[in-house]
Structure formats: C-alpha cells, structure tokens
Amino acid sequence: MNLIRSKQPISRSELAQLANLSLPTVMRITDELIDSNAALEIGKGASTGGKPPKLLVFNDQANYIIGVDINYYRIDTVMIDMSGNVLAHRLKDITSRTSRETIVDYVIQNIDSLFEDFKDVGKKLIGIGISLHASVDKEEGKVLYSAIWGRDEGDIRDDIQKKYNVPVKADIYTRAMAVGERLIGCAKNDSDYLCVNFSYNVDSSFVHNGKIVYGADSRASLIGKSPVAFKEPGTDHYQIKSLDEIASFDAIENFAKREANSLRGNRTSLILDLVYGHVENITVYTIIEAAYNGDPLAKELLENCAISSGIVISSLINSLNPSLMILAGNLPRNSKVFMDAFTYTLAAWTNDIPRIELTAIRKHMGAIGAAMLILDSYLSNGGQTDYSGG
Amino acid sequence: MERYVIGLDFGSDSARAIVIDADSGNRLGTGIGYYKRWAEGKYCNPAMNIFRQHPYDFLEAMEDAVHIAVKKAGKNAGDKIKAIAIDSTGSTIAPMSQHGDLLCMHEKYSETPDAMFYMWKDHSAKKEAKYINDILANSGSEDYTRFQGSYSAEWFWAKILYAKHNNPQIADSAWTWIELSDWIPNLLSGIEDPSKLYRNICAAGHKALWHSDFNGLPPRSTFMKIDPYLAKVAERYGGAPRPASAAVGKISPEWAERLGLNRHVIIGGSSLDAHAGAVGAGIKPQTLVKVIGTSTVDMLIAPKDVLRGKNIKDFCGQAEDSIVPEYIGIESGQAAFGDIMSWYKKILYWSIEDFCSFLFENGFGQTEAIESLKRKYDGEILQRLTNITSKQEPDQDLVALDWLNGRRYPMINETVKGMMSGISLGTGTTDIFQALAMSAVFGSRRIFDSLQTRGIVIDKIIASGTVAKKSPLIMQMMADSLGKVIELSDDDEVCAVGAAINATVAAGIYPNVFSACDKLCAGYSSYYSPDLKRKDKLDKYYRRYLNLARHSEMIDSETGKEF
C-alpha cells in the first residue's frame, strides 16, 4: 500500500521489484486491494518489451478518516480523505470546567455533524484518531492521564469506538501536530524536526527520518520533567526545577499571583494593575501584556521561562540535530519578550539554531495529525486499520 | 434607470437617512429628524438611570429624515429607491402585544415609560444584570457568558427582567419584546404577526446571547432558573436571526406612501449602529474600526476558527455574522469618551452662566448679544481648550481615569467612577482637560493592547465618529499611544452608509458586503501617523494610568461598593 501510494502510478512488476516479492504474490495482494477499493487500475504504462503493463494508483477518495484534537479550550474535528485533504471541520469551545463526559459528548456531536454533511457520499469511515494533551501508553494506546480532565478512569477511545464501531487511536498533541506539519505544514521538506508546545505543560516531539521517535515507553521528548537551574525573579540564587515547574502556564501564573500578593508600599507591577488588583484574574496573557508594556517583573518572569526552556531545548537540538523547530502555544506566538530571550539562549547554547517556525493554528495540525495515525495504520496493514495500540 | 438605496440610522437623539447611488457610490442626499419628546426630556429620570423613548419619536424622525434626504436626492428619487436597511442603538427594547404592535401605542399605556423603548443607556437593571450573570456563568459545565462576558444592565434580558420585577402588569401584557433595530424593518415591511418577526443576528448575538454553540438562545432550563418569565419570552423569540444584509420583505403600501417611495422597495435587515458603522468604514479582517463619539465602539471581524479557544470574554464580545456574514463580529469599547470632554465643558460652563447672571444682577441687561455670544462660546470652548492644550506638555503628576460612566471593557465594572490623581495648587484648567483627554486615549489603548496580546491581529485602524472628526489633538495622541497609523473615514454618516451598503446586498445589487464596500465606501483622505518618540513619553503616563486604575478599583472594593 505504501509503495503504491508513494510511487504511483506503478505497475505490478515494479512493485514486485521494490517490495522484493514474487509477481504472483504481488498480483494476489493487488487484486485484494482493488477489490476493497483501496487501489485503482488506471490505463497502461510504457511497454518494456512485452504487453504494456497496467498501472495502479492509490485510491485517496475511497475512504475518509476523522481526526479529533482535544485542546484546553477547544475541540477541533476534521474529516480528511486518504491524501490528507481536509474535507470539512468542526470546532467547539470547551472551558476548564467541562467534564470528561461532556467532552466526549461534544466530540460525538462534532463527528455526527460531519457525517450529516457527508452521508450520501458513499465513502467508508476507516477510523478516528484523537490527539490530546495527555500521557498515552503507546503500546495499548490507552490515555493514562489527561491534562484536561485528570486520570482517565475509562478510556476515551472506548467511548468513541462503541459509538462508531471503527478503530480509534490516540496520541499526544505534539506528536499529532508533528505528523500534521509534515503532511501540510512547514515540515513538508524536512525529515528531522522538533515540535515544542508551550501550554499548561511543556512538551515536544521529535521526528527522525520522517518517523516519530517514541522511545522505549512512548516518553521520548516529553521534556516537562527535564531539570534546569532557575533563578526566581528578584532573587540571586538558583534552584533546580523541572521545566514544567518553570515554564508551564500554571507555573507562570502561580508565580505571578504569589508575587502580586506580596507587592507592598512602593513596589508595584503592571501584572497587578492590569487585573485591577484582582489577583485571581491573573493569567499568562496578563503577564504577556504586562511584559509588552515594559513591566520589569513580567519581563523577568518571561525571560527566565524562555532561558530555562532554551537551555533544555538546546540540549535536544545538540543531541538530535533537527533542521527545523516548530513552536506552538501562546508564549511563542504572542510574546516578543519570550521569543527574543528564547532565541538568544538557543544562539548561545546550540551548535546551530535550526529554522524556527510557528505552527499555523488554522490548519488543524493536531486534528490532521491524529487522523494520520489511522492512515499510517491502514497503509501498514495493507488496507485494514489495526484496532490495537495507539 | 439609476438604482438608489437608503440607509437609516437611529441614533440616541435623532434619526438620519442617507440616499446613495448604488452603482456610483455618490451620496445624493442626507436628512436628519430629531426625537421631539426625547429632546424635552420626557419619560426619563437620569438620577435613576432611567432613559425611555417613545416610539412615535422614531417614526416621526424617520419620516422627516427620509423626506429631506429623498428631496435632496433629486427629482423622482423616490421612484429609484431599490432598498432600505436600518441600524439603531441597542439594546433599545420595547414590549410588544400579541397583535404585533407596541404596548405604548395602546391608549392604556401611552404615557407609561415602562411600556416604551428602554434606551440602550438605561441602566436601571443593574441588579437584574448581576443576577442573570451569576446564573449564566455557572450553568453546569456550560458558561453562557463566554462569548459576551459579564451580562450588562444595558442588554436585552436584564431589561426584560427589570420590567417583570418593577411593572409586572406591563410584563404580563407583553407577548414578546423587540429591539428597535428589529421593530423598524418589521414595521416597514408590514409584518404584524409577532411569531414571524425578523430579528437581526447582531443584536441577537451580542445582547440576547444567541449562538450556534447553544443551538440558539441558552436553554429553557437556564432561563427557568433566572425567571420563568424569561423562559416564556425566549420561547417566543422566533426562528434563526438573520444578518443586516438579508432581505426582510417589501415595503408595505402604507409606508411607501408615508415615506414618498415606490412600492417595490425591498426592506433589508438591520444591525446595531456601530456594527453598521464598521461596514460603512470598510471593515475587513485584521482591520480595527473605532467609532469614537460620546462613547467608543471598537470592532473587528475574524474567521470563526481564528477565535475558537480564545478566552477573551473579559475584553470583547463576539457574535456570529454580526457585522459581515460568515465572520465573527468582535465588539469592544469604552462607556464614555466624548462624553468625558462634554462633562468637563459643562463644569466650566457653569461659571459662564453664573457670570452672566452676575452681570444681570449688577445692572447689566440680559441682551441678545450676550446670549448669542454664550451660544457661540458653548460651541467653541472645547476647541479653544484643545488649541492651548496641544501646545503644552502634560503635567508630570496629573493622571486621570476615564471611568465616568463605569467600565465596559476590559473586565466590566459598571459601578466604578472616574478619578484624578496628582492635583496640586498649580494644576490649571487646561492641565485637567489634557489629563482627561489622555485618560480617554488610554482607555482605548488598554483595549487595543489586551486584544493584540491575546492573538487578535490588528494591521490597520480606521476611525470615524464625531470626536474622530473634530479632535485632531485626541486622534494624534491616540495614534502616538497605539503606535499605529489611524485612517479617518471620509464619511460623516458612516453608520447610515453602512446600513445603505447592507441595503444594496439585500436588493441583490452586490453579492456580498465586501464587494459593496469596495464600491461604496468613501475611503480615507486623512490619517494620523504615530510619533514614536511621543509614544515613549505617553507609555510612562499609560503605566501610571494603569496603576491609578488598580488603586481606584481597590478603593471601590474596600468601601464595600458592589462590583
């Protein structure tokens, strides 16, 4: 399947050569693929001395795949064809209070709404991929802990699978995003690249030779626990903390609230001013806005986060030598203070800074990448999607 | 034959009509009609924040405005009108009977303010707004305030609940409640059945909380928690609201005759006034349109998926299709802007009035010459202040807060008041004026910064409105503070023009709002470029403004005032 897709149009004899299989075996396999509509026979190729061979192409219109990206504030659902083209999408906002059950309901509503638009098309849904901010067991594909709803007592894949009776696969957002970027984003021409997401956790994924690096227990590149020396703003001493304890949104907000609560007398900060003194309303955006307006505390806080992140990521870059780094999240997107300090740190500590791009929000990277989990399985299993694993 | 359209704009004090050639964009005639009863102060109690308007004010003003505009547009202009569309203030709502007429048009309620239009700035429903907000924001796993922020006393449901609490007879007599912006197009097209009313998506989204995420209005169960009366009104709200560029119907024979128009005129839809103004100014994605008048409204449009997942409800409201179909309309703004300068003028003018009385008391006659000079001075005093102020550096210590009418965005607090800090024995009249002007500019800056730092991209700024036209000092200060070029729309009647543009789409003359704007918007012949050195200076004052804001809010909370 992969060879047909990547080398199309292709003859059976060429397939046999490339796959190192006998021609009768290839003919049997290709007949099955044609019967299942996964491949099509089109026209004839140039003769190489006998009858002109019939050519095969991958049928990217035979089936479709659903991809779901469950973000902190929204659920993005796409329907793609087998070439990864987005046929339609749905978006739904969620809040920090939205329960797991409600999220599952919203996912089902989005998918049902897409089915409504495509019910007469006569295509087959071959699977649903889900990307999450979570830890996922790669072997079983089980969602172990979601950053949005906590420990998963059930398995969200089961809820969706029961409803639609198709294979459902799950993986973490940065890996799904990495796949999406390779397909339609800025990594189309890169085979070794790093994706980093700054959000309520800091995590990353690495692609080597065009394939996601999972590691032994699917924890490769989950850099949130990486230790780094950190100097708290306003102090002179360093502590060792994990990157999540420094640069996650929770960490940044909690630190800013603590500092805001302790401001007295002539000490003041725009962080507190921008929320009119209501400390509970401080968010990472407040800090970004304060830094934008030159507030020293906000700037120092963001710069320290950027430096710590830069140090950890510099190690990754030096070890993995990617040609590209794709950044996601509101810190790189909306804060020049953060990005200036981050790129400065990379320049200081890497052999070579890779090309840096921001992920394109509107291109549904996470959802497309999630859908590609299904496509990968389909292609690897000769036109059948595997029910197991992530 | 030429094709003309009319844009009808119902403002706070008057109605304006503009006749535009739909093909050339030429402005052929404008007319203004004033609200007579409103001008006399009838049906209002400003001390209690009660502002009601009689529907006959709107009808009479509309007839005056249209007649004047059509007459100026030339011979037989009435025969060439293809469509009319409308914009108005909002929420400006009134109770409607089951027969499709307004309650105050019944003799029984003809002088009952609670049966009239509850004007946009009527703030009598503060308690109701807080109560509604508490329930909407904590309704299980859904937050019904997530697109508009804290529910305001100015809005639809708060006013209706106020009526239920304070005049149950009126509430019980009402079959439904209707926005002014909806009443006019329904009236003009002769729609009498209240179950078949046209409702505009702009007001429905921004004020009544209509959203496709909620499958329309918030659910019945939520309204029942607030008050069963609201659930009843919600049930009767009707079908899906439509945009301003929709065609509602054809002009009724009665109104064709009353307005002096042909009988084939298409009645287009409606929107809130500032949203029509955004269209009239030529809004596009990543363009901020600022309508700067007594208050400000800041508007943007963005594709739906750009805003998904952005928690920005404390900084702006957003509603589907509210400005341009297929886009989310974003609305933010300040509760007072030009009103701040007008207030200061009133303070200063006391001494003029008093001095003239003093002259009279001391034997000088109350002559027509003095009266005439007083009126002239009244019209010029702000300009005279501006002329002096533009030549002086701001007082180093003086900083003011623009919250003279509460704070709408960011983080609504309608109970806060204005403040000034740093007054000394050396503080002069023009220093105070300058500080007030800066505070108004900084209120705009706060909104601008908060949207940009939350990922709303703003490439271009267009300004319109009375203050934008008349105050170069303030506009230059704004360009300096925002660090961006501000283009000034050439149209004086940008809201009415926007309504006229919507009318062309309703009539099928243009396929969509953007193509109509490209042809019909007046453009911008003047602009203000930022002086970046001045920006650095203003940034220091801005930081002090933010600091004063925080202290003011904390004083409010410490004295136990509700917020």
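The values are calculated or read from the model by the stated rules, or taken from the named source; none is laboratory data. In this text the structure is predicted, and so the values were computed from the model without any measurement. All Cβ positions, even for glycine, are placed from backbone atoms using ideal geometry, and neighbour counts span all protein chains on display. For accessibility, only protein heavy atoms count, side chains too; no ligands or nucleic acids. Shrake-Rupley method; radii C 1.70, N 1.55, O 1.52, S 1.80 Å.
Just one residue in the set B:GLU393, B:GLU380 is open to solvent by 50 Å² or more (accessible area, probe 1.4 Å), among the charged types (D, E, K, R) and either assigned to a helix (DSSP H, G or I) or closer than 30 Å to B:TYR151 by Cβ (or both); that residue is B:GLU380. Counting the residues of region B:1-28 that are open to solvent by less than 60 Å² (accessible area, probe 1.4 Å), modelled with pLDDT under 95 and of a type in the set (Asp, Glu) gives 0. Taken over region B:113-149, the criterion of being within 17 Å of B:ASN167 (Cα to Cα) and aromatic (Phe, Trp, Tyr) is satisfied by B:PHE117, B:TYR118. Number of residues in region A:31-59 that are open to solvent by less than 40 Å² (accessible area, probe 1.4 Å) and either among the hydrophobic types (A, V, I, L, M, F, W, C) or over 15 Å from A:LEU15 (Cα atoms) (or both): the value is 8.
Residue by residue, here is whether (1) out of contact with any Asp or Glu (no Cβ under 7 Å at 6 or more places or on another chain); (2) within 14 Å of chain A (Cβ to nearest Cβ); (3) within 30 Å of A:SER269 (Cβ to Cβ) holds:
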| residue | (1), (2), (3) |
| --- | --- |
| B:VAL494 | yes, no, no |
| B:ASN502 | yes, no, no |
| B:LEU520 | yes, no, no |
| B:PRO530 | no, no, yes |
| B:TYR541 | yes, yes, yes |
| B:ARG544 | yes, yes, yes |
| B:SER552 | yes, yes, yes |
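When B:HIS67 is tested against (1) in contact with a helix residue (DSSP H, G or I) (Cβ under 7 Å, 6 or more places away or on another chain); (2) open to solvent by 10 Å² or more (accessible area, probe 1.4 Å), only condition (1) is not met. Being farther than 30 Å from B:SER139 by Cβ, touching a Pro at 6+ places or on another chain (Cβ under 7 Å) and not β-branched (Val, Ile, Thr), is that true of even one residue in region A:55-76? Among the residues of region A:55-76, at least one is farther than 30 Å from B:SER139 by Cβ, touching a Pro at 6+ places or on another chain (Cβ under 7 Å) and not β-branched (Val, Ile, Thr), which makes the answer yes. Restricting region B:298-334 to residues that are at the interface with another protein chain (Cβ under 10 Å from one of its Cβ atoms) and not charged (D, E, K, R), the residue that is nearest to B:ALA468 (Cα to Cα) is B:PHE315. Please find, within region A:65-93, the residue that is most open to solvent (accessible area, probe 1.4 Å) out of those that are polar (S, T, N, Q) and more than 14 Å from chain B (Cβ to nearest Cβ). Filtering region A:65-93 for residues that are polar (S, T, N, Q) and more than 14 Å from chain B (Cβ to nearest Cβ), the one most open to solvent (accessible area, probe 1.4 Å) comes out as A:ASN85. B:MET411 meets all of the listed conditions (1) within 21 Å of the chain's Cα centre (by Cα); (2) open to solvent by 30 Å² or more (accessible area, probe 1.4 Å) but one, namely (2).
Residue count for region B:29-43, restricted to those that are in contact (Cβ under 8 Å) with a residue 40 or more places away in the chain and either part of a helix (DSSP H, G or I) or surrounded by fewer than 19 Cβ atoms within 10 Å (Cβ to Cβ) (or both): 0.
In summary, A:GLY224 fulfils each of the numbered conditions (1) closer than 30 Å to B:ARG308 by Cα; (2) within 14 Å of chain B (Cβ to nearest Cβ) with the single exception of condition (2). Only residues that are away from every other protein chain (no Cβ under 14 Å), buried (at least 22 other Cβ atoms within 10 Å of the Cβ) and among the polar types (S, T, N, Q) were counted across region B:416-468, and they come to 4.
Matching residues to (1) touching a Leu at 6+ places or on another chain (Cβ under 6 Å); (2) not β-branched (Val, Ile, Thr):
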site: B:PHE433; (1), (2): yes, yes
site: B:ALA437; (1), (2): no, yes
site: B:ILE456; (1), (2): no, no
site: B:ASP459; (1), (2): no, yes
site: B:VAL494; (1), (2): no, no
site: B:CYS517; (1), (2): no, yes
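For region A:236-249, a tally of residues being under 16 Å from A:ILE223 (Cα atoms) and among the acidic types (Asp, Glu) returns 2. Does at least one position in region B:78-95 carry a residue that is open to solvent by 20 Å² or more (accessible area, probe 1.4 Å), touching a strand residue (DSSP E or B) at 6+ places or on another chain (Cβ under 7 Å) and not in a loop (DSSP other than H, G, I, E, B)? Within region B:78-95 (the criterion being open to solvent by 20 Å² or more (accessible area, probe 1.4 Å), touching a strand residue (DSSP E or B) at 6+ places or on another chain (Cβ under 7 Å) and not in a loop (DSSP other than H, G, I, E, B)), the answer is yes, since at least one residue qualifies. Within region B:130-160, the set of residues being under 18 Å from B:MET48 (Cβ atoms) and either surrounded by fewer than 23 Cβ atoms within 10 Å (Cβ to Cβ) or modelled with pLDDT under 95 (or both) comprises B:LYS130, B:SER152, B:ALA153, B:GLU154. Kindly indicate whether A:GLU280 is open to solvent by 20 Å² or more (accessible area, probe 1.4 Å), within 14 Å of chain B (Cβ to nearest Cβ), of a type in the set (Asp, Glu) and over 24 Å from B:ARG445 (Cβ atoms). In short, yes.
Just one of the numbered conditions (1) assigned to a helix (DSSP H, G or I); (2) open to solvent by 40 Å² or more (accessible area, probe 1.4 Å); (3) more than 14 Å from every other protein chain (Cβ to nearest Cβ) is not true of A:ALA251; which one? Only one criterion is unmet by A:ALA251, namely (2).
All of (1) open to solvent by 60 Å² or more (accessible area, probe 1.4 Å); (2) within 14 Å of chain B (Cβ to nearest Cβ) hold for A:ARG100 with one exception: (1). Looking across A:LEU302, A:LEU274, A:LEU324, one residue alone is within 13 Å of another protein chain (Cβ to nearest Cβ), out of contact with any Cys (no Cβ under 6 Å at 6 or more places or on another chain) and under 24 Å from A:TRP349 (Cβ atoms). It is A:LEU302.
Consider A:ASP190 carefully, then state whether it is assigned to a helix (DSSP H, G or I) and either surrounded by fewer than 24 Cβ atoms within 10 Å (Cβ to Cβ) or on the phi > 0 side of the Ramachandran plot (or both). No: the conditions fail for A:ASP190.
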